[in-house]
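Please read the structure below before turning to the comments.
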Amino acid sequence: MTETEVLAVAGQQAIWACLMVGGPLLGLLLAVGVVVAILQALTQVQEAALAFVPKMVVLGLALMFGGPMAMSVLRTFTEDIFAQMVSVGGLR
């Protein structure tokens, strides 16, 4: 592969890794935000902490339970990038 092809593949892998790591977290936070917004609209309680605290609790739990998966994705991505660097530049 040429250098430009390697860069294109590395860019695609970077975007995919970002989606794999950040996508589930953003989806969870979006769902919690919608639920909290509906509850706030139903009860007419407009407290800022009521919107912030549940999101932080869910984010902490998601990072605690999904952290190993995220680290696995990032480790694989890093190993692939270094392997591509060696294939393009070689060991000198």
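None of the figures in this text is laboratory data; all of them are computed from the coordinates on show. This structure is a prediction, so every number in the text was calculated from the model and none was measured. Note: ideal-geometry Cβ built from the backbone for every residue, glycine included; neighbour counts use all protein chains shown.
Multiplying the residue separation of Thr76 and Gln13 by 0.36 nm and subtracting their alpha-carbon distance yields 21.7 nm. What you get for the chain, charging only the Cβ of Lys and Arg (+1) and of Asp and Glu (-1), is a dipole of about 180 debye around the Cα centre.
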